[in-house]
Amino acid sequence: MKKTILALCVLSFCFLQVRGQFPRFKILAFYSENVEGAHVEFAEEAIIFFKKLTEGNGFVFDVTKDMNDLRTEKLKDYSFIMMLNDVPHSKEQRQALETYMENGGGWYGFHVAAYNDRSSNWPWFLNFLGGGVFHRNNWPPLPAKIVIDQSNHPVTKGLPSSYISPLNEWYQWKPSPRENKDIQVLASLAPENYPLGLKDIIPNGDTPVVWTNTKYRMIYLNIGHGKGIFSDATQNKLIIDALKWVVSSDKKGNVFEK
Ligand code: ZN
């Protein structure tokens, strides 16, 4: 009997030890099924991609379709939130995001997660993104040559100076976020892509593809339209390194060094 109790204690101690180390961090990903079909397709592939990364790595990738999960009490356990294909809508959701980000929270957004226009009426969000309002896009979706603007940043370190990104709808913003002193552009469309598109054409200009607002722990990637985004190894490295950077730059400490 005593031996059994002892064995149970040992087992539960081991369990507690393991629980103390894993998960190292938690991510909460928001996505919607009530958006453009190609944005749903992207989100579905993204969820599979990021879920695979959790295998054996000790982090949790939670997924929700409910934007009302954007509330302070819920977010406090998460290292960062990921916006796969939607933006906060209600006043409460927007306020929760502001509170979370102004207090050290993390944000990782794809494609339409930065969409805003004159009807958005959300100055905080516009400033958070660097001041760019949606200006124009190419159509149909096309592959494009991406150039790395900053090769010494943890998100882009080790990447070639350029690569071809798979089929995507590219958004151009006005003014370009690059004009904002708080914005660090890490990658953008190469000038030789222009004119880009057939039905809708981006004729010229500056199209940042990856950027961060240095006032926040955030990163935005312009990619996220349709299937096949995760079919390129170079771009996948960028996507994963962006995740690692958002997590590791948490002021609470770098979980990868614990
Ligand atoms: Zn799109």
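Before moving on, here are some points about what is shown:
- Summary of packing: across the peptides 181-190, 80-89, the per-residue average of other C-beta atoms within 10 Å ranks them, highest first, as 80-89, 181-190.
- At full extension, ASN254 and GLU44 could sit 72.7 nm farther apart than now, given 0.36 nm per residue minus the alpha carbon distance.
- Burial ranking of peptide ranges 100-110, 215-225 (average Cβ count within 10 Å, highest at the top): 215-225, 100-110
- Part-to-part distance (alpha-carbon centres) for the stretch 224-258 and the stretch 142-195, which is given in Å: 16 Å
- As a rough guide to protection, the peptides 57-70, 236-249 ranked by mean Cβ packing within 10 Å, highest first, stand as 236-249, 57-70.
- For the stretch 23-252, the share of DSSP beta bridges that are antiparallel, to the nearest 5, is 55%.
- Computed with a 1.4 Å probe over protein heavy atoms only, the accessible surface of the stretch 23-252 comes to 44 Å² per residue.
- Taking 0.36 nm per residue of separation and subtracting the Cα-Cα distance, full extension of the segment from THR64 to ASP117 would add 16.6 nm.
- Expressed per residue, the C-alpha convex hull volume of the stretch 149-203 stands at 104 Å³.
- Simple spin-label estimate for LYS215 and ASP77 in nanometres, 7 Å along Cα-Cβ: 3.2 nm
- Considering only the Cα atoms of the chain, their convex hull presents on average a projected area of 15.8 nm².
- Inter-site label distance for PHE134 and GLU33 at 7 Å from Cα along Cβ, in nm: 2.3 nm
- CD proxy at 222 nm, helix term only [per DSSP H run n ≥ 4: -39500 (n - 2.57); per residue of the chain; nearest 500]: -9500 deg cm²/dmol
- Surface composition of the chain: carbon plus sulfur atoms hold 55% of the accessible area, using a 1.4 angstrom probe and ignoring ligands, DNA and RNA.
The values are calculated or read from the model by the stated rules, or taken from the named source; none is laboratory data. Note that the structure is a prediction, hence the values are computed from the model and not measured. Positions of Cβ are generated from backbone atoms using ideal geometry, with glycine treated the same way; all protein chains shown enter the neighbour counts. Heavy atoms of the whole protein, side chains included, go into the accessibility calculation; ligands, DNA and RNA do not. Shrake-Rupley method; radii C 1.70, N 1.55, O 1.52, S 1.80 Å.
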